[in-house]
Structures are given as C-alpha cells and as structure tokens.
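The values are calculated or read from the model by the stated rules, or taken from the named source; none is laboratory data. Not measured: the values here are computed from a predicted model. Heads up, the Cβs are rebuilt from the backbone with ideal geometry, glycines too, and the neighbour counts pull from every protein chain shown. For the accessible areas, the whole protein counts, side chains as well, though only heavy atoms, and no ligand, DNA or RNA atoms are used. Shrake-Rupley method; radii C 1.70, N 1.55, O 1.52, S 1.80 Å.
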Amino acid sequence: MSREFPAVDRPRTVEHILTGVQTSDGAGVKLTRVLTQNLQERLDPFLMLDVFRSDDPKDYIAGFPDHPHRGFETVTYMLAGRMRHKDSAGHEGLLQNGGVQWMTAGRGVIHSELPEQENGIMEGFQLWLNLPAKSKMVAPWYRDFSADEIPGYVTREGVSVRVIAGTSHGVAGAMTREDTEPLYLDIEMPPGSVFSMPLPSNHNAFVYVYRGEMTIGGLEVKEHHMAILANMPETDGVLLAARSSARAILVAGRPLGESIVQYGPFVMNTREEVFQAIHDFREGRFA
Ligand code: FE
C-alpha cells in the first residue's frame, strides 16, 4: 500500500546523540544498554533499551534464566534468532525473526528468556515501558506477535514501516496503551528517501539507527547511535532522511511525570514499594 506523507512542517531537532554502554545481563548475554538508568526521567515513560546483535553463540547462549519483574512492561523485538519465553503466570512462547513479545509484569512475574539456537545471528531489542502508578500491581499479561501479525505499510518513496505500537500514517499497530500512548516503529529506508512522522511535542522521543546512517533535524546520526529528540513546544513531528539504505527504530510516548524508583528488575514509585517487591519476591509471592 502506498501512502501520502502526513505534513511535518516544524520538525524536531536532535538534543543529544549517544551510543550507550557495553554490558552483560542474565547469565552473561552481551548487549548494549542504550537507554540507561540516568535517562529514565528524560525519556519517561521508557525505562531501558537494550540492543543485542551477535553471531557468536558465546555472547548469547546462556540467555536469561528465571528472574523476576514488577511494575512495568517489557517489549522484546527479535530481528533475527529464536528465544523461548516461559513465565510463572503460565505463559510460554517462541519469539523469532521479526516477532514481538509484549509482557506486562504488573504485580510480578518470574520468567526465563532462553535462546533456541546453537549458532547463527541473534539480533533484537528489549524496551522497558513504565506503567502508571495505578497499574503497577495489575495482573501479569503476555502476548506474542509473529512477524506477520505486526501491521505495516510502505510509503510512495519505498520506506517500509512496521508499526509495533501506536498509530502511524493511519495504520494501527500491534499494541496500544492508553496512559503513555507509546509509538514504536521499525523504519527501513531506501537510498535518498525521506520519512515524516507527526509527534505531539510533549511526548518524549528517540531514534536508534541500527543500519547505515540518517539525517535527523539536520544532524547526521551514525549506525548504532541513538538520537534523543528535543521537546520544543512549536514542533509537530520528526523528519528522517537517508542518503543510503538505513534502518532505525523510532520510539515515542507520553511522559507519566511520576517518580521512578528502580532496583534491578523492580520499577516502582517509592523506595517502600521497592522493598515490598523484594520482600514479596523472596516470600515466593510472584505468581
Ligand atoms: Fe526479563
């Protein structure tokens, strides 16, 4: 399907470009944490973005054995590879090639995320989306979307867009969330193309370029770099331009404006609630 561009006349500029930190998590999975804890307020409602890409099984084979979460949602987008999910709420699924797993930890789950491949490339993203205070203790929820369940469209210029969450150019994505209105797009741009996406100026937004490079607000954003988009009140969206083939994710959402207290896999509003989470987990009260 071919589409017109929605008008973006006053595009956002880039406030900051960063590369994140190399780290490992789970039982030793190598990854790059691009959205780190110090950016949680700036990028509210998003709490974390991990990027993983390796063709060396040593970097990913141990996976993420049983671990708890409370107070937020995890969105895992698998570009390549196979990962088995099992959780204490009884959900199980296989996430692979272009699929998305959306998990609401709510009041608490214990889950494992384990690779189901002995070699080949494992590549993808895990984004953490905060829950509003009133929903942090909801029942855990989970859904897998296979690649063909992710809505998408192609613009007249051949820009191919997958809409994981929110609505883009009239196409409703796989998921919507009322309180934070998250937008999560995977955008593949052919050489010489431009892509526009309207965004409310108060929504926090970032672009992570994972193939090639793009020009955003007149600034070159190189491969494996994240651009935090400035929130100027008079702006109406974002414009991406690619001189050669490029791919990026665009993530935006309405900030909750609530206090954020994180201790490892628990993200609550107060220290007391975090202590309670640790206590409940130790007492075996997670599902
Ligand atoms: Fe997890």
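Contact annotation: residue pairs with Cβ atoms under 8 Å, 6 or more positions apart or on different chains, pairing a residue in the stretch 88-111 that is free of Cβ contacts under 8 Å to residues at least 24 places away in the same chain with a partner that is open to solvent by 50 Å² or more (accessible area, probe 1.4 Å) and within 13 Å of the ligand (Cβ to nearest atom), are GLU92/ARG84; GLU92/LYS86.
Considering the stretch 167-182, the residues that are under 14 Å from ILE150 (Cβ atoms) and open to solvent by 10 Å² or more (accessible area, probe 1.4 Å) include one that is farthest from the chain's Cα centre (by Cα), namely VAL171.
Just one of GLY120, GLY71, GLY108, GLY90 is modelled with pLDDT of 95 or more, over 19 Å from the mean Cα position of the chain (by Cα) and on the phi > 0 side of the Ramachandran plot; which is it?
Residue meeting the stated conditions: GLY108.
Against the condition surrounded by 15 or more Cβ atoms within 10 Å (Cβ to Cβ), under 25 Å from the mean Cα position of the chain (by Cα) and modelled with pLDDT under 95, how does PHE266 come out, does it pass?
Numbers: surrounded by 15 or more Cβ atoms within 10 Å (Cβ to Cβ): yes; under 25 Å from the mean Cα position of the chain (by Cα): yes; modelled with pLDDT under 95: no.
Criteria not met by PHE266.
Taking the criterion of being touching a residue at least 24 places away in the same chain (Cβ under 8 Å) and open to solvent by 50 Å² or more (accessible area, probe 1.4 Å), the residues of the stretch 209-221 that qualify are ARG211, GLU213, GLY218, LEU219. Against the conditions (1) without any contact (Cβ under 8 Å) to a residue 12 or more places away in the chain; (2) within 16 Å of the ligand (Cβ to nearest atom), LYS134 satisfies every one except (2). Under the condition of being surrounded by fewer than 21 Cβ atoms within 10 Å (Cβ to Cβ) and more than 20 Å from the chain's Cα centre (by Cα), which residue from the stretch 240-257 is farthest from the ligand (Cβ to nearest atom)? Only one residue fits best here, namely ARG243. Under the condition of being more than 14 Å from the ligand (Cβ to nearest atom) and more than 20 Å from LEU129 (Cα to Cα), the residues counted in the stretch 63-91 number 4.
Just one of the numbered conditions (1) of a type outside the set (Val, Ile, Thr); (2) away from the ligand (no atom under 13 Å from the Cβ); (3) at pLDDT below 95; (4) within 18 Å of PHE64 (Cα to Cα) is not true of PHE125: (3).
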